[in-house]
4 protein chains.
Amino acid sequence: MAGNTFGTLFKLTTFGESHGKAIGGVLDGCPSGINLDLEAIQHELDRRKPGQSAIVTQRKEPDEVVFYSGIFEGRTTGTPIGFAIYNTNQKSKDYSHIKDSYRPSHADYVYDKKYGFRDYRGGGRSSARETASRVVAGAIAKQFLDGISINAYVSQVGSLRLEKAYSELDLKQTESNAVRCPDPETAARMESYIKEVRKEGDTIGGIISCVIQNVPVGLGEPVFDKLHAELGKAMLSINAVKGFEYGSGFEGVKMKGSVHNDQFNTDGSTSTNNSGGVQGGISNGMDIYFNVAFKPVATIIQPYETIDKEGNMVKTKGKGRHDPCVVPRAVPIVEAMAALVLADFTLLNRTIKL
Amino acid sequence: MAGNTFGTLFKLTTFGESHGKAIGGVLDGCPSGINLDLEAIQHELDRRKPGQSAIVTQRKEPDEVVFYSGIFEGRTTGTPIGFAIYNTNQKSKDYSHIKDSYRPSHADYVYDKKYGFRDYRGGGRSSARETASRVVAGAIAKQFLDGISINAYVSQVGSLRLEKAYSELDLKQTESNAVRCPDPETAARMESYIKEVRKEGDTIGGIISCVIQNVPVGLGEPVFDKLHAELGKAMLSINAVKGFEYGSGFEGVKMKGSVHNDQFNTDGSTSTNNSGGVQGGISNGMDIYFNVAFKPVATIIQPYETIDKEGNMVKTKGKGRHDPCVVPRAVPIVEAMAALVLADFTLLNRTIKL
Amino acid sequence: MAGNTFGTLFKLTTFGESHGKAIGGVLDGCPSGINLDLEAIQHELDRRKPGQSAIVTQRKEPDEVVFYSGIFEGRTTGTPIGFAIYNTNQKSKDYSHIKDSYRPSHADYVYDKKYGFRDYRGGGRSSARETASRVVAGAIAKQFLDGISINAYVSQVGSLRLEKAYSELDLKQTESNAVRCPDPETAARMESYIKEVRKEGDTIGGIISCVIQNVPVGLGEPVFDKLHAELGKAMLSINAVKGFEYGSGFEGVKMKGSVHNDQFNTDGSTSTNNSGGVQGGISNGMDIYFNVAFKPVATIIQPYETIDKEGNMVKTKGKGRHDPCVVPRAVPIVEAMAALVLADFTLLNRTIKL
Amino acid sequence: MAGNTFGTLFKLTTFGESHGKAIGGVLDGCPSGINLDLEAIQHELDRRKPGQSAIVTQRKEPDEVVFYSGIFEGRTTGTPIGFAIYNTNQKSKDYSHIKDSYRPSHADYVYDKKYGFRDYRGGGRSSARETASRVVAGAIAKQFLDGISINAYVSQVGSLRLEKAYSELDLKQTESNAVRCPDPETAARMESYIKEVRKEGDTIGGIISCVIQNVPVGLGEPVFDKLHAELGKAMLSINAVKGFEYGSGFEGVKMKGSVHNDQFNTDGSTSTNNSGGVQGGISNGMDIYFNVAFKPVATIIQPYETIDKEGNMVKTKGKGRHDPCVVPRAVPIVEAMAALVLADFTLLNRTIKL
């Protein structure tokens, strides 16, 4: 169980290192009969790919997905969907600054200790490049979940916080700017700030908020596989994520029960939604919303000291083209992981009654 | 996959409703040869049980665990450990306020919708009573993890926040007071506040912090089963939990990479620990620490309106003896779930090298 | 993954040693809303229990199942069904002939080597007593599979073979005799033979045949989890089983394709059924039939030499009350395991189309 | 759980249809640090590929495996090994005889019924072509299992049976002839017979025997995941397999316990081996041996009647180049599946003691 499979029925297994021949995956358990919109899948990959705007890494990779199986005459067949994305940018580079030393707050050190050695090129398996495979599978999950809408957006960069709730925002604006913040004014301030940070050779963290609408009642499998617990795991499995909260979240701890409780309307909906669309681990039909905290990217373009394999201090400097802030590109990843969770629970929910 | 199993190798399956005959579980995959301290297991259950102090529910249940299998002559045999805790407090009560109506922010409504009907007595399977089984298995995991220390404590009740980091606290003080906050002065204020809330028939949320020390390098299975992702899922699967953050957490998003990065010492340790003991999803040998947010308990002893099964508004009132604040009793549950995660990854980590 | 869980969605986990406090299990994933016939469950246990006839072990154990959870007002709730069967016959016996030496063709030696030590009383976990838990879960699966009939029977004892195919037999006769062979004349000969073998203090093997009727088309999940592959695993996991074949089986290897192929009728049924109701790992709606080979029970009441823990040769003799032939009591176990496989695939099959 | 994953820790997921772009898989959980002999992997594929001799299908496919990930500088990294084998022979053919009608004893009918439609080209996912991916993963497992030898061979074709036990054979002769029978004289007779059957446009079944030597004591996870139960499932999951028996197998049912029991030698080995190297589901260090029955290939080059999708009778005829007898090419597949089972249990066995 090396941990590269996600899901119980709608099940994704990914493979691939940052600078190997290809990354990709197998999506098993996707129901038959889905008329796949392949362009929509590629579109999701394009939202995630490097080089798409001035505030993300300037690496150029086309990130085109190739499907090997599981689709016939435009429809899913119910058999596993194998796919790959070739690593076209894997030219032989100078990796001496990575090969024998450990970059702070990267996975270099722990991979070497755990596995005995590592593919050091571009971070190998620990690179966020792997998440492209998740975006492919998530895009298929979205098509399976036709009718459910999943919208993520950037709600915080550093200390710049979008103070509006999702219900006050026009989420169609998310893609209108490079930051993927649906409030144009806040987006502009975030963009300026990211550019400033980039000039310093530094990086900054951020928060992605996500809202899922039109979810049927009943998704989630207590007691361990609660809907929000799987969403939390899904989000925390994304590179650089440090925290997850849903509904009232960390702020909710300050509330009294008499205020926090969501009163029922006669149709089963609730007048408030501190529950965040999930009660007892099961969706209640209200909007699901949550926040995901991303730390600042560890790769900075500044000189620093670190240790080599022998434990000697060495001076080095980050190189290459990296993201000053990861959240704009992580928006489609958050959506993809949310879609995988919902697709899995949708299938599981078909099996629980006589 | 109705979701009642946790873990891949060190694997707990639980069963039981709040007012059925018994709750319990099967712990499969526990290695053979552990000299079990049965009193230590019962001690963990006692930390969780109702009626132990003035600020928790005054229900009286002995919560004694009975082991059926997997232990011979005091040692684990490597075969599954079956156990049960009888529900002694299951006298026939008046459940009319629950049976036909849905308590706000409880799981009544979603269970009825998902399964078609429900065991309404005391919340049935959705009751936090189920977590007693986790505490049993977690106590065994703790003994397996001999040498690793796992200490949880209450760090916030409502807006009352313990401002000290775990390193400034004497964690041995956690059990010295009813709140389980290791800072006596803050504990006293929290206790008063909880009593005040209880008098109002209301409830209040809180935060539990947890620190895990002496963890070897290498635990965690990327890319999906990252150490912190499984910890997050484990915590989010506990009743009433709304959020999880580790290391720098949500505050970390405001930091720049140059500040957030943890610089290496020559022995592989780091001078700061914003990573929270986990890098790339794998433990790096530093302390693991995280926060878990709990919402206020939904059961309040105040009159309220809600709907019945037919969607009619009905007036009702919470009854019985409930916790005004869940966090004091949830401390051993957080520790138990953390222990289960670490035990599982400890076994998995034996399998990853030639 | 110590191997005590069976099934993916309709999932049984068992626990318990032969002479511990209890055996039992947790059945998770059983759909809600089944009106359970508890007497029918106990009836299946009675078919398996010791002491029921002159040709099985004369041990007396009532084998009464107690349900702890998952059933409310007579119906399954969709939550895990926990149950136990107490070991009432666990009086302190003289185990010196087992404790320090290894009985030939039992699991004593391998358990000691694998786990470091073992619960030697009555074979501990390796005892066929564990299968009582399977019978409980299988009986629930049978009720879920209402409409599908599963009938096993003894078709061979030693070299005494029932030469008729299942279609020539009146399967209602199976329970009319102690051997559970539906052909009365053959049954009588088998019974005499078993008694003769018992007098010698010896044991004898046999074959159980099973036929499953009214199976819908579509059960089975290729490529690895083919219907017959899971049936095979299920049967081979029963104590003393040495072989499994379905449809034409081992005899089919002698046939040519032109003869072996099952020609279609216009309604999709086939005129012959060498396929045994399964094609490409998926049920085709025809009867599923298979044979399961059981070796002679290893415990014989004759003097023999074996080794002790230190590798010294020791003389000993089998004691107690054992089955001279295991197949009569194994009939309900075969049916139970078949029911578990079909129940799981029935649930899985709900998830494979859009 | 569409059933395309095999193994718990050493875990293979395969994808691909007979005439799609590629088949392949992801092997997750393979330990790091194995110096892979890539030629040895390709050699196993060559043993399985079409066109290698006069008695197998004359299709020509190079079946070259491409590795995408998980291998760095010649060694496994512990990350998932992604690989593909391109389908070079997928020229546009006339499939009208397959597209709208159902070939007898193929999976055409059940795939259509289960999934709603199917990729009919060459049998799609139900084609034995998929097993090439298993051979790749099995070849890696063999290298991991350095020291354990796994040798399969053809022991029966039709009624022609090799009467010698594996211990009387020189298994190095297996590859000396096209049939893969280690007894040259029997091999010659089998070869003549297969040619004769092919001339008739017919096919014939057969048996593959397999022996595994130098297995350590302790592999296998009772009670459900017994070593022989997983081997049985592994074999039954191979296309065309109808039966599995190990050790004394179906013949063992005729034996008395006093004869069948394997007496211990003082070193823990046994003087006979009716147990087939497995006791109580756990390897005992003796040779593991088993038989696998294969039915005759369903595709025959003779005219036949069958039904179309609408249930009308249609006359048709098998086309193309097919195997008259599947067992010669299935020998490496049996070995591959055995290797996967042993690799998985080898890893699991590292986790069962303190």
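The values are calculated or read from the model by the stated rules, or taken from the named source; none is laboratory data. The model shown is predicted, which means the values in this text are computed figures rather than measured ones. Here the Cβ is made from the backbone with ideal geometry for all residues, glycine too, and neighbour counts use every protein chain on show.
With the checklist (1) in contact (Cβ under 8 Å) with a residue 24 or more places away in the chain; (2) within 14 Å of chain A (Cβ to nearest Cβ) in hand, flag the one item B:VAL110 doesn't pass.
Going through the list (1) in contact (Cβ under 8 Å) with a residue 24 or more places away in the chain; (2) within 14 Å of chain A (Cβ to nearest Cβ), B:VAL110 breaks only (1).
Is there any pair linking a residue in the range D:155-172 that is surrounded by fewer than 17 Cβ atoms within 10 Å (Cβ to Cβ) to one that is in a strand (DSSP E or B), with Cβ under 6 Å and at least six apart or on different chains, and which?
D:LEU171/D:ASN151
Within the range A:84-95, does at least one residue satisfy the condition of being more than 29 Å from B:MET255 (Cα to Cα) and aliphatic (A, V, I, L, M)?
Applying the first criterion (more than 29 Å from B:MET255 (Cα to Cα)) to the range A:84-95 yields A:84-94.
From what's left, aliphatic (A, V, I, L, M): A:84-85.
Scanning the range A:84-95 turns up at least one residue that is more than 29 Å from B:MET255 (Cα to Cα) and aliphatic (A, V, I, L, M).
Just need a number here: residues in the range D:110-167 that are closer than 20 Å to D:GLU39 by Cα, of a type in the set (Ser, Thr, Tyr) and part of a strand (DSSP E or B).
Residues flagged as closer than 20 Å to D:GLU39 by Cα, of a type in the set (Ser, Thr, Tyr) and part of a strand (DSSP E or B) within the range D:110-167 amount to 1.
Does the range C:89-97 include one or more residues that are of a type in the set (Asp, Glu), away from every other protein chain (no Cβ under 12 Å) and part of a loop (DSSP other than H, G, I, E, B)?
We begin by selecting, within the range C:89-97, every residue of a type in the set (Asp, Glu); these are C:94.
Still in the running and away from every other protein chain (no Cβ under 12 Å): C:94.
Filter once more, so that each one left must be part of a loop (DSSP other than H, G, I, E, B): C:94.
Yes: one or more hits.
Go through (1) closer than 28 Å to D:LYS113 by Cα; (2) crowded, with 23+ Cβ neighbours inside 10 Å; (3) β-branched (Val, Ile, Thr) one by one and return the number of the condition C:ILE208 breaks.
Of (1) closer than 28 Å to D:LYS113 by Cα; (2) crowded, with 23+ Cβ neighbours inside 10 Å; (3) β-branched (Val, Ile, Thr), only one is false for C:ILE208: (1).
Suppose we filter A:ARG129, A:ARG75, A:ARG134, A:ARG121 for residues that are of a type in the set (Lys, Arg) and farther than 30 Å from B:MET286 by Cβ; which single one remains?
Numbers: A:ARG129 fails: farther than 30 Å from B:MET286 by Cβ; A:ARG134 fails: farther than 30 Å from B:MET286 by Cβ; A:ARG121 fails: farther than 30 Å from B:MET286 by Cβ.
Going through A:ARG129, A:ARG75, A:ARG134, A:ARG121 in turn, the sole match is A:ARG75.
Within the range B:315-354, take every residue that is surrounded by 21 or more Cβ atoms within 10 Å (Cβ to Cβ) and among the hydroxyl-bearing types (Ser, Thr, Tyr) and give me the one that is nearest to D:PRO80 (Cα to Cα).
By that ranking, first place goes to B:THR351.
For the range B:229-273: of the residues being among the β-branched types (Val, Ile, Thr) and touching a residue at least 12 places away in the same chain (Cβ under 8 Å), which is surrounded by the fewest Cβ atoms within 10 Å (Cβ to Cβ)? Walk me through it before giving the result.
Of the range B:229-273, the ones among the β-branched types (Val, Ile, Thr) are B:238, B:241, B:253, B:259, B:266, B:270, B:272.
Of the ones still in play, those that are also touching a residue at least 12 places away in the same chain (Cβ under 8 Å) are B:238, B:241, B:270.
Working: B:ILE238: 25, B:VAL241: 27, B:THR270: 21.
Filtering first and then ranking leaves B:THR270.
Give the number of residues within the range D:57-79 that are touching a Lys or Arg at 6+ places or on another chain (Cβ under 6 Å) and facing chain A (nearest Cβ under 7 Å).
2
Can you find a residue in the range B:94-112 that is surrounded by fewer than 24 Cβ atoms within 10 Å (Cβ to Cβ), small (Gly, Ala, Ser) and on the phi < 0 side of the Ramachandran plot?
yes
When you check C:ALA178 against the structure, is it under 24 Å from C:PRO296 (Cβ atoms), surrounded by fewer than 22 Cβ atoms within 10 Å (Cβ to Cβ) and more than 8 Å from every other protein chain (Cβ to nearest Cβ), yes or no?
Details: under 24 Å from C:PRO296 (Cβ atoms): yes; surrounded by fewer than 22 Cβ atoms within 10 Å (Cβ to Cβ): yes; more than 8 Å from every other protein chain (Cβ to nearest Cβ): yes.
Considered against the rule, which asks whether it is under 24 Å from C:PRO296 (Cβ atoms), surrounded by fewer than 22 Cβ atoms within 10 Å (Cβ to Cβ) and more than 8 Å from every other protein chain (Cβ to nearest Cβ), C:ALA178 comes out as yes.
Take the residues of the range C:212-262 that are part of a strand (DSSP E or B) and of a type outside the set (Asp, Glu): which is farthest from the other protein chains (Cβ to nearest Cβ)?
As a first pass, look at the range C:212-262 and keep what is part of a strand (DSSP E or B): C:212-213, C:221, C:225, C:241-246, C:256.
Those left that are additionally of a type outside the set (Asp, Glu): C:212-213, C:241-244, C:246, C:256.
On the way: C:ILE212: 16, C:GLN213: 17, C:VAL241: 8, C:LYS242: 5, C:GLY243: 3, C:PHE244: 6, C:TYR246: 6, C:LYS256: 5 Å.
By that ranking, first place goes to C:GLN213.
Quick test of your reading of the structure: A:GLN143 fulfils all but one of (1) in contact with an Asp or Glu (Cβ under 9 Å, 6 or more places away or on another chain); (2) without any contact (Cβ under 8 Å) to a residue 12 or more places away in the chain. Name the failing condition by number.
The failed condition is (2).
Evaluate the range A:274-284: report whether one residue or more is modelled with pLDDT of 95 or more, surrounded by fewer than 23 Cβ atoms within 10 Å (Cβ to Cβ), within 30 Å of B:LYS315 (Cβ to Cβ) and among the small types (Gly, Ala, Ser).
Just the residues of the range A:274-284 that are modelled with pLDDT of 95 or more, to begin with: A:274-284.
From what's left, surrounded by fewer than 23 Cβ atoms within 10 Å (Cβ to Cβ): A:274.
Subset that is within 30 Å of B:LYS315 (Cβ to Cβ): A:274.
Next cut, among the small types (Gly, Ala, Ser) only: none.
No - not one qualifying residue is present in the range A:274-284.
Just to be sure before I move on: is B:SER209 of a type in the set (Gly, Ala, Ser) and at the interface with another protein chain (Cβ under 8 Å from one of its Cβ atoms) in the structure I sent?
When the stated conditions are applied, B:SER209 does not pass them.
Which of the following residues is of a type in the set (D, E, K, R) and more than 21 Å from the chain's Cα centre (by Cα): A:GLU251, A:GLU230?
Values: A:GLU230 fails: more than 21 Å from the chain's Cα centre (by Cα).
The conditions single out A:GLU251.
Among the residues of the range A:26-74, count how many are at positive phi and buried (at least 19 other Cβ atoms within 10 Å of the Cβ).
Kept after step one, since they are at positive phi, are these residues of the range A:26-74: A:29, A:33, A:51, A:63, A:70, A:73-74.
Those still in the list that are buried (at least 19 other Cβ atoms within 10 Å of the Cβ) too: A:29, A:63, A:70.
Matching residues across the range A:26-74 total 3.
If only one of D:LYS195, D:LYS164 is over 30 Å from C:GLY25 (Cβ atoms) and in contact with a helix residue (DSSP H, G or I) (Cβ under 9 Å, 6 or more places away or on another chain), which one is it? Explain how you work it out, then say what you get.
Numbers: D:LYS195 fails: in contact with a helix residue (DSSP H, G or I) (Cβ under 9 Å, 6 or more places away or on another chain).
Result of the check over D:LYS195, D:LYS164: D:LYS164.
Have a look at C:ASP100, C:ASP183 and point out the one that is charged (D, E, K, R) and at pLDDT below 95.
Values: C:ASP183 fails: at pLDDT below 95.
The unique qualifying residue is C:ASP100.
Given the criteria at the interface with chain D (Cβ under 7 Å from one of its Cβ atoms) and over 30 Å from D:ILE301 (Cβ atoms), does C:LYS353 qualify? Working first, answer last.
Details: at the interface with chain D (Cβ under 7 Å from one of its Cβ atoms): yes; over 30 Å from D:ILE301 (Cβ atoms): yes.
For C:LYS353, the condition - at the interface with chain D (Cβ under 7 Å from one of its Cβ atoms) and over 30 Å from D:ILE301 (Cβ atoms) - is met.
Please specify each residue of the range A:265-288 satisfying the condition of being more than 9 Å from chain B (Cβ to nearest Cβ) and either part of a loop (DSSP other than H, G, I, E, B) or closer than 30 Å to A:GLU196 by Cβ (or both). Before the answer, list the steps.
Step one: of the range A:265-288, the residues more than 9 Å from chain B (Cβ to nearest Cβ) are A:269, A:271-273, A:277, A:286-288.
The answer is A:SER269, A:SER271, A:THR272, A:ASN273, A:GLY277, A:MET286, A:ASP287.
Any residue at all in the range C:293-311 that's away from chain D (no Cβ under 11 Å), touching a residue at least 40 places away in the same chain (Cβ under 8 Å) and not aromatic (Phe, Trp, Tyr)? Even if it seems obvious, please write down each step before you answer.
Here is the first cut: in the range C:293-311, the residues away from chain D (no Cβ under 11 Å) are none.
So far as the range C:293-311 goes, no, none of its residues is away from chain D (no Cβ under 11 Å), touching a residue at least 40 places away in the same chain (Cβ under 8 Å) and not aromatic (Phe, Trp, Tyr).
Would you check which residues across the range C:248-291 are in contact with a Ser or Thr (Cβ under 9 Å, 6 or more places away or on another chain) and on the phi > 0 side of the Ramachandran plot and list them?
Matches in the range C:248-291: C:GLY276, C:GLY277, C:GLY280, C:GLY281, C:GLY285.
Specify which of the listed residues (C:GLU73, C:GLU64, C:GLU39) is at pLDDT 95 or above and under 30 Å from C:ARG198 (Cα atoms).
That would be C:GLU64, the only listed residue that is at pLDDT 95 or above and under 30 Å from C:ARG198 (Cα atoms).
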